[in-house]
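What follows is a single structure, written as structure tokens, with notes after it.
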């Protein structure tokens, strides 16, 4: 079914939907669910997808291209539709929905048994005798509390094994002298005192700082009354350590409030959602998720918030956001229902909440910068390339092609891929020209592009490999190559920019060919370097494949000169022995062991190379 016919069919089907709330389920041609959404009026919402594609974002257009059919489920209210939507998304994980995959998973606090036990943060329970506290969502708070407990109760954080390594080194490390470790390695603490410290650390983790301070205060007073002044001094030092850590941890939210703060930073084709979780006014956890760039942040915030809390995370009474949220009242109802108490979404305008939201936004920008890393420079180069070539979007995914042969024999082509200005070698492909013999670079390029686009039509629902279309095609050659392939691309109903890479007399990149003219790229050093690198890489890749094929062809020719040895037997021999030298050195018995080789063939081969 042609694309226009498919859209017409889907729109006609959508126009028959009722004007009632419900969930719609988009499927590709293999009946796989690729998107799930909810609507207050199904007919209006679903029919919008199959109208004018110019009104949609790039992501929605891509999704619609892959829709072959859709199902729907009617609900009694929009709220029921939202709840069902969240449930279905969690079950099916559709490709085009925003999916917040927490790669950190759950965390535990591990307490190894004594003597000389340890506490540590870990991601899973091992089959051992240790005690585990948790699971906890995310690793930030777990790591933080383990570090605090170890510092307060002066537990070692090194990799030394006790009691095996006690007194191995009489001099303790720096942590002992700054009162962060009791130095069991140097014999500075008895086993009994160490076990008391470990128990205190576990109580601190389980009960919190306030409960621990209260208990330590009582023990200190009792020790002082019993004239155990050394013990009282140690307990006093632990209380001071707790106070010191509490003062060091910045209280960024006024009052003992619980709230989560969401902010989104965008750059290039990526965005980052940062979440700061405050409990009793203190930063308890932080998470971030890298997602695709969004043209509608209100819709994106709606998806992010519902997806974030549908995984079972604790819902606070207040959710602070850095912008508008689509269906805000509906999402508030969803959070309130899931929490069992009222939950509110707030976009702050002034005061303390604005400062906290800006801090979250800075975290999102920082994490996005770390994710992009050196890609920021490459993005600028690709933006400049788009400007020079007059492209509508930044060419993040570039394919380049080159033809190689020897006087018309052993025709091959190489395809290289550059993603975000870096070679994506897993996507490189090789083509042996099959449509004709002899020298015809234009005909070879037409065949290669036709085969590549045919594979796209077969695999487009995967969105990977040949199932992904390039943002730009660069051909090693001039305008003639471009003119040869443009009609092929148009015949497939596709709009992919195609340009040629022109070399000078010294085989160095000089310009880009387009529309009968040449576009100079010398003015942009970064663009010039990128295009030159692409041209050299595709030429190298095509040449290496041609040499391999030509060598194999030459070997076949050497073998087929032997009486009784044709193409199939030559191929079998090379497959078995790998090189011509091994065939020459093989005995008649070894040659006879190859499938298809007769006793006479083996004797002929042996005599041919051993006359």
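Among the residues of region 446-478, how many are out of contact with any strand residue (DSSP E or B) (no Cβ under 6 Å at 6 or more places or on another chain) and either on the phi < 0 side of the Ramachandran plot or not assigned by TED's automatic domain parsing to the domain that holds residue 416 (or both)?
Qualifying residue count for the region: 21.
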Strands (runs of 3 or more DSSP E) wholly inside region 1-99 containing at least 1 residues that are in contact with a strand residue (DSSP E or B) (Cβ under 9 Å, 6 or more places away or on another chain) and surrounded by fewer than 16 Cβ atoms within 10 Å (Cβ to Cβ): 69-74
Residue list for region 268-286, restricted to those being at pLDDT 85 or above and within 30 Å of residue 61 (Cβ to Cβ): 271, 272, 273, 274, 275
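So which strands (runs of 3 or more DSSP E) stay within region 275-359 end to end and still have 2 or more residues that are under 15 Å from residue 258 (Cβ atoms) and in contact (Cβ under 8 Å) with a residue 60 or more places away in the chain?
Details: elements: 282-292, 318-320, 344-346.
The qualifying strands (runs of 3 or more DSSP E) are 282-292, 318-320.
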Hits in region 123-142 (condition: modelled with pLDDT under 75 and part of a strand (DSSP E or B)): 134, 135, 136, 137
Top-ranked residue in region 9-28 [being under 17 Å from residue 94 (Cβ atoms) and out of contact with any helix residue (DSSP H, G or I) (no Cβ under 8 Å at 6 or more places or on another chain); ranked as modelled with the highest pLDDT]: 27
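Residue 570: touching a helix residue (DSSP H, G or I) at 6+ places or on another chain (Cβ under 6 Å) and part of a helix (DSSP H, G or I), yes or no? Outline the logic, then answer.
Details: touching a helix residue (DSSP H, G or I) at 6+ places or on another chain (Cβ under 6 Å): yes; part of a helix (DSSP H, G or I): yes.
Against the criterion (touching a helix residue (DSSP H, G or I) at 6+ places or on another chain (Cβ under 6 Å) and part of a helix (DSSP H, G or I)), residue 570 qualifies.
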Checklist (1) within 22 Å of residue 85 (Cβ to Cβ); (2) surrounded by 15 or more Cβ atoms within 10 Å (Cβ to Cβ); (3) at pLDDT below 85 applied to residue 311, failing item: (2)
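Can you list the strands (runs of 3 or more DSSP E) found entirely within region 378-461 that contain at least 3 residues being at pLDDT 85 or above and within 25 Å of residue 517 (Cβ to Cβ)? Lay out the reasoning, then the answer.
Numbers: elements: 397-406, 409-419, 429-432.
Because the criterion is at least 3 residues that are at pLDDT 85 or above and within 25 Å of residue 517 (Cβ to Cβ), the strands (runs of 3 or more DSSP E) in region 378-461 that meet it are 397-406.
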Any hit, region 298-308, residues being surrounded by fewer than 22 Cβ atoms within 10 Å (Cβ to Cβ), in contact with a helix residue (DSSP H, G or I) (Cβ under 9 Å, 6 or more places away or on another chain) and within 27 Å of residue 142 (Cα to Cα): yes
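The values are calculated or read from the model by the stated rules, or taken from the named source; none is laboratory data. If you're wondering where the values come from, they're calculated on a predicted model, not measured in any experiment. Every residue, glycine among them, receives a Cβ derived from its backbone with ideal geometry; neighbour counts consider all protein chains shown.
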